[in-house]
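The values are calculated or read from the model by the stated rules, or taken from the named source; none is laboratory data. Remember, it's a predicted structure, so these values are computed and weren't measured experimentally. Note that each Cβ is placed from the backbone with ideal geometry, even for glycine, and that neighbours are counted across all protein chains shown. Please note that ligands, DNA and RNA were not included when accessible areas were found on the heavy atoms of the full protein model with its side chains. Shrake-Rupley method; radii C 1.70, N 1.55, O 1.52, S 1.80 Å.
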Amino acid sequence: MPPGGGPRLSEPTSSRIVTIPNLVSLVRILAVPAFLWLLLARRQVAAAGWLLLAIGSTDWVDGWLARRLGQVSQLGKALDPVADRLAIVAALVGGLIAEVLPALIVVPLLVREVFMATLTGWLMLSGHGIIEVRRVGKLATLLLYGAIPSFYVAAGGFVPDVFRPLGWVAGVVGLLLYYVAAYHYVGDARTRAAGQ
């Protein structure tokens, strides 16, 4: 077990492209423009929040299906974090534009996203492959997928006294874990770059 970050989520992989889990990831990616349309074009903040929650709540489905059906693939390992990153970045930027999310949550998250995108891009371009997802990273993503939609739903007038505090608690804890995961991903990147 790797220190601190928990076990990495790695399984035997194939080079298959057309799989059911990959289709689920693709649907999650295609749902992001629909979220932005609801938020920015239609100004339906609560509906956008519920859609974002649906995107986040299906985050585990593609991975579960991949393991259950024996369809773990290299493409799937790349698509899943892409779907997560696209949804979170769209929610953060959209939330700033629509004045739904607090800057205290958004700015550190955007900084971390830019850093991780740079790190991931460097690894791939230098031929070191992708970083395996860690459990602490998945937990952080899960918390943020609960926190961010909570601010949206609250801003849309749906039980704000419940959803706004929920957003703050899950957001702060998720943010801290997100940075813990980033720390471990840097270590993983160093190991890969060193060829170990």
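Somewhere in segment 125-139, is a residue of a type in the set (A, V, I, L, M, F, W, C), outside any helix (DSSP H, G or I), more than 19 Å from the chain's Cα centre (by Cα) and closer than 28 Å to residue 77 by Cβ?
No, every residue in segment 125-139 fails to be of a type in the set (A, V, I, L, M, F, W, C), outside any helix (DSSP H, G or I), more than 19 Å from the chain's Cα centre (by Cα) and closer than 28 Å to residue 77 by Cβ.
Just to be sure I understand, how many residues within segment 149-160 are free of Cβ contacts under 8 Å to residues at least 12 places away in the same chain and either crowded, with 20+ Cβ neighbours inside 10 Å or assigned to a helix (DSSP H, G or I) (or both)? Before you say what the answer is, go through the steps one by one.
So in segment 149-160, the residues free of Cβ contacts under 8 Å to residues at least 12 places away in the same chain come out as 159-160.
Those left that are additionally either crowded, with 20+ Cβ neighbours inside 10 Å or assigned to a helix (DSSP H, G or I) (or both): 160.
Qualifying residue count, segment 149-160: 1.
Go through (1) under 26 Å from residue 47 (Cβ atoms); (2) of a type in the set (Phe, Trp, Tyr); (3) touching a residue at least 24 places away in the same chain (Cβ under 8 Å) for residue 163 and report which single condition fails.
Evaluating residue 163 over (1) under 26 Å from residue 47 (Cβ atoms); (2) of a type in the set (Phe, Trp, Tyr); (3) touching a residue at least 24 places away in the same chain (Cβ under 8 Å) leaves (3) as the failure.
Based on this model, can you work out whether residue 181 counts as in a helix (DSSP H, G or I) and either in contact (Cβ under 8 Å) with a residue 40 or more places away in the chain or open to solvent by 20 Å² or more (accessible area, probe 1.4 Å) (or both)?
Yes, satisfied.
With a cut-off of at least 3 residues that are over 20 Å from residue 163 (Cβ atoms) and either open to solvent by 30 Å² or more (accessible area, probe 1.4 Å) or in contact with a strand residue (DSSP E or B) (Cβ under 6 Å, 6 or more places away or on another chain) (or both), name the helices (runs of 4 or more DSSP H) lying wholly within segment 30-122. Full working, then the answer.
Numbers: elements: 45-57, 59-69, 74-97.
Filter on segment 30-122 gives 59-69, 74-97.
Of 85, 42, which residue is basic (Lys, Arg) and modelled with pLDDT under 90?
Numbers: 42 fails: modelled with pLDDT under 90.
None of the other options fit; the residue is 85.
If a residue has to be of a type in the set (Val, Ile, Thr) and under 21 Å from residue 84 (Cβ atoms) to count, how many in segment 149-175 make the cut?
The number of residues fulfilling the criteria is 4.
Mind checking whether some residue in segment 162-175 is under 16 Å from residue 95 (Cβ atoms), open to solvent by less than 30 Å² (accessible area, probe 1.4 Å) and among the aromatic types (Phe, Trp, Tyr)?
no
Quick check on residue 90: is it at pLDDT 95 or above and among the small types (Gly, Ala, Ser)?
Criteria not met by residue 90.
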